[in-house]
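The values are calculated or read from the model by the stated rules, or taken from the named source; none is laboratory data. Everything numeric in this text was worked out from a predicted model, so none of it was measured. Don't worry about glycine lacking a Cβ; one is built from the backbone with ideal geometry, like all the others, and counts go over all protein chains shown. Please note that ligands, DNA and RNA were not included when accessible areas were found on the heavy atoms of the full protein model with its side chains. Shrake-Rupley method; radii C 1.70, N 1.55, O 1.52, S 1.80 Å.
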Amino acid sequence: MALRGDGLRVARVYDALHAEHLLPQLDALLAEAGCRRVDLAGVACDIGPGSFTGVRVGVACAKGIAVGLGLPLAGVVSLAAMAHDAFAAGALATGDVALALLDAKRGEVFAAAYDASGALLLAPLYAPNAAAASLAERLPGRRVVLVGAAAHARAGAGVPAGTR
């Protein structure tokens with residue numbers, strides 16, 4: 001994704017299984033955003049949770065770009081980004097809690113809960129799919145909405161699924 005002070009410029013989803021396509025995709029993203037490498041002010045990358053190899057490749061690539069261009073590097077927790085996106089999109093009210101879910105494969109999810117300010121209410125954890133909706137019970141007194149690509153398949157009774 002390419003960001004400017006006024007918000008998101010352009011975004012792409014990279015689901016390829018081969019890392020050799022990553023840098024050409026980044027160059028295409030910059031071109032689509034009308035930017036060059038010298039226009040960058042910093043580099044950010046997902047630091048997990050997620051696929052161990054995928055996170056390692058992404059972090060190594062981001063670090064190489066940041067060092068090569070002399071730019072600051074920031075890590076972003078994927079669950080926090082999903083929660084932030086749900087609040088920013090208006091899918092949740094200010095008093096709600098975003099319970100972000102990411103498919104961990106093997107019948108499990110990574111999960112964490114955040115409020116509208118970005119405060120961590122439930123530390124990232126690893127749980128069986130069947131327990132995903134019941135994690136909302138750890139956050140009493142507030143409306144909890146499951147968010148993220150894994151949310152819709154795991155929503156339970158009384159626990160709605162919000163944005164993907």
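Being open to solvent by 50 Å² or more (accessible area, probe 1.4 Å) and farther than 26 Å from Ala131 by Cα: is that true of Arg37 here? It is true that Arg37 is open to solvent by 50 Å² or more (accessible area, probe 1.4 Å) and farther than 26 Å from Ala131 by Cα. Give the residues of region 41-57 that are touching a Leu at 6+ places or on another chain (Cβ under 6 Å) and among the hydrophobic types (A, V, I, L, M, F, W, C), sorted by residue number. Across region 41-57, the qualifying residue is only Val43.
Filtered by the rule that a residue be farther than 14 Å from Val77 by Cα, hydrophobic (A, V, I, L, M, F, W, C) and not in a strand (DSSP E or B), region 113-140 gives Ala116, Ala130, Ala131, Ala132, Ala133, Leu135, Ala136, Leu139. Going through Ala151, Ala157, Ala136 one at a time, which residue ends up being open to solvent by 20 Å² or more (accessible area, probe 1.4 Å) and modelled with pLDDT under 90? Among Ala151, Ala157, Ala136, only Ala157 is open to solvent by 20 Å² or more (accessible area, probe 1.4 Å) and modelled with pLDDT under 90. Filter region 124-133 for residues that are small (Gly, Ala, Ser) and under 21 Å from His84 (Cα atoms); which is modelled with the lowest pLDDT? Among residues in region 124-133 that are small (Gly, Ala, Ser) and under 21 Å from His84 (Cα atoms), the one modelled with the lowest pLDDT is Ala133. Screening Ala112, Ala86, Ala98, Ala127 for residues that are open to solvent by less than 20 Å² (accessible area, probe 1.4 Å), within 13 Å of the chain's Cα centre (by Cα) and without any contact (Cβ under 8 Å) to a residue 40 or more places away in the chain leaves exactly one candidate, Ala112.
Report yes if Gly118 is in contact (Cβ under 8 Å) with a residue 40 or more places away in the chain and surrounded by fewer than 18 Cβ atoms within 10 Å (Cβ to Cβ), otherwise no. No, not satisfied.
The set of residues in region 45-68 that are touching a residue at least 24 places away in the same chain (Cβ under 8 Å) and open to solvent by 70 Å² or more (accessible area, probe 1.4 Å) comprises Asp46, Ile47.
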